[in-house]
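One structure below.
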Amino acid sequence: MNKVMLVTGASRGIGAEIALLAGRSGYKVGVNYLRREDAALAVVAQIRAAGGEAVALQADVGQQAEVAAMFKRLDDTLGTVDVLVNNAGVLAMFRVDAADETNVLDVFRANVFSAFFCSREAIRRMSTVHGGKGGVIVNMSSVAARLGGLGGGSAYAASKAAIDTFNLALAKEVGSEGIRVNAIRPGLISTEIHAVQGGIAKMEQMAKIAVPLGRAGSPAEVAEVALWLASDAASYVHGSIVDVAGGR
Ligand code: NAP
């Protein structure tokens, strides 16, 4: 395979597992991160140690100029993007009556604006209308989009509901231009994102009761679905949202 996958928020958690599995599957991988350069470089090093190609790409995906520069760096290093995984995201806990504009904007920048900015750059390269050869976009939603999240997580839940709808709308917009668009809704997955709501151990305890499979999921279990959606095995899957939530 000679395909390039860009995974946003790939220094840790779900994104890191997607990047590593992509590397093992033969993709050249763009490993985007915000602050944790050490972690992003470790992901790149693992991919390279296994014989793959990867590059670390620092950018705040909620800032359009940084996103444009990131795609240019990807063009210049690994080549034109074939698969974009809009994975980067943040969880913030605050009551609506305590919210200010910055709280809300920070969540929507990282979780929603990022999907617009990254998809825009990807479509400009992938769409047959722009002379591209097609591609795949995978959007990372959350079961919070349909469950409302935990108390205090309204901005996060609303941002993920926006991703569900963005996914549907984008699928209509670019499906006939060679671009497949799908989303994943993870449930409770063991990552550092849960630090703001008591940590991984507390979440895993909750998962034993709240999740029909009786446990939290692993980032690797989400990565498998992302790689399947990216592959030709999912060639007629479009505008779909796949729950990876243990039945929750
Ligand atoms: P995580 O472990 O907290 O990792 C977040 C990743 O996103 C990190 O690589 C972080 O980079 C990056 N990031 C955050 N803001 C960014 C920005 N503005 N620009 C670029 N990168 C940014 O999170 P996770 O649990 O793997 O979550 C990944 C995705 O899955 C998110 O969209 C999340 O909402 C979704 N999700 C997670 C769960 C779950 O239970 N874990 C459930 C449903 C949905 P740095 O390392 O540099 O900070």
Please go through the range 199-235 and give me each residue that is more than 21 Å from the chain's Cα centre (by Cα) and open to solvent by 60 Å² or more (accessible area, probe 1.4 Å), ordered by number. 201, 202, 204, 205, 206, 208, 209, 212, 213, 215
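For the range 19-62, enumerate the residues that are in a loop (DSSP other than H, G, I, E, B) and farther than 23 Å from residue 107 by Cα. Give the derivation first.
As a first pass, look at the range 19-62 and keep what is in a loop (DSSP other than H, G, I, E, B): 25-27, 34-36, 50-53, 59-62.
Of everything in the range 19-62, those that are in a loop (DSSP other than H, G, I, E, B) and farther than 23 Å from residue 107 by Cα turn out to be 25, 26, 27, 50, 51, 52, 53.
Do we find that residue 1 is of a type in the set (A, V, I, L, M, F, W, C) and open to solvent by 60 Å² or more (accessible area, probe 1.4 Å) in this structure?
On the way: of a type in the set (A, V, I, L, M, F, W, C): yes; open to solvent by 60 Å² or more (accessible area, probe 1.4 Å): yes.
Here the answer is yes, as residue 1 does meet what is asked.
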Considering only residues that are over 29 Å from residue 94 (Cα atoms), in contact (Cβ under 8 Å) with a residue 12 or more places away in the chain and either of a type in the set (Phe, Trp, Tyr) or more than 16 Å from the ligand (Cβ to nearest atom) (or both), which ones fall in the range 105-129? 123, 125, 126, 127, 128, 129
Please name all residue pairs, on different chains or six or more residues apart, with Cβ atoms under 9 Å, provided the first residue is in the range 1-20 and is on the phi > 0 side of the Ramachandran plot and the second residue is within 13 Å of the ligand (Cβ to nearest atom) and of a type in the set (Lys, Arg). none
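Table: residues versus (1) more than 15 Å from the ligand (Cβ to nearest atom); (2) modelled with pLDDT of 95 or more; (3) touching an Asp or Glu at 6+ places or on another chain (Cβ under 9 Å); (4) open to solvent by 60 Å² or more (accessible area, probe 1.4 Å).
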{"position": "12", "(1), (2), (3), (4)": "no, yes, yes, yes"}
{"position": "18", "(1), (2), (3), (4)": "no, yes, no, no"}
{"position": "22", "(1), (2), (3), (4)": "no, yes, no, no"}
{"position": "33", "(1), (2), (3), (4)": "no, yes, no, no"}
{"position": "36", "(1), (2), (3), (4)": "no, yes, no, yes"}
{"position": "54", "(1), (2), (3), (4)": "no, yes, no, no"}
What number of residues in the range 57-77 are farther than 15 Å from residue 115 by Cβ, among the small types (Gly, Ala, Ser) and either open to solvent by less than 30 Å² (accessible area, probe 1.4 Å) or more than 15 Å from the ligand (Cβ to nearest atom) (or both)? 0
Is it fair to say residue 145 is surrounded by 15 or more Cβ atoms within 10 Å (Cβ to Cβ) and closer than 20 Å to residue 239 by Cβ? yes
Sole exception among (1) basic (Lys, Arg); (2) touching an Asp or Glu at 6+ places or on another chain (Cβ under 9 Å); (3) closer than 30 Å to residue 213 by Cα for residue 160, by number: (2)
Verdict on residue 135 being touching a strand residue (DSSP E or B) at 6+ places or on another chain (Cβ under 6 Å) and among the small types (Gly, Ala, Ser): yes
Given (1) closer than 18 Å to residue 136 by Cα; (2) more than 10 Å from the ligand (Cβ to nearest atom), where does residue 212 come up short, assuming only one miss? (1)
Restricting attention to the range 83-104, which residues are within 15 Å of the ligand (Cβ to nearest atom) and either of a type in the set (Gly, Ala, Ser) or closer than 23 Å to residue 234 by Cβ (or both)? 84, 85, 86, 87, 88, 89, 92
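Condition test on residue 152, is it in contact (Cβ under 8 Å) with a residue 24 or more places away in the chain, on the phi > 0 side of the Ramachandran plot and within 16 Å of the ligand (Cβ to nearest atom)?
Numbers: in contact (Cβ under 8 Å) with a residue 24 or more places away in the chain: yes; on the phi > 0 side of the Ramachandran plot: yes; within 16 Å of the ligand (Cβ to nearest atom): yes.
Taking the combined requirement at face value, the residue satisfies it.
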Qualifying position, being modelled with pLDDT of 95 or more, touching a strand residue (DSSP E or B) at 6+ places or on another chain (Cβ under 8 Å) and more than 13 Å from the ligand (Cβ to nearest atom), among 8, 80: 80
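The values are calculated or read from the model by the stated rules, or taken from the named source; none is laboratory data. It should be emphasised that the depicted structure is a prediction, and the values quoted were computed from it without experimental measurement. Please note: Cβ atoms are built from the backbone with ideal geometry, for glycine as well, and neighbour counts cover all protein chains shown. Surface accessibility is based on the protein's heavy atoms, side chains included, excluding ligands, DNA and RNA. Shrake-Rupley method; radii C 1.70, N 1.55, O 1.52, S 1.80 Å.
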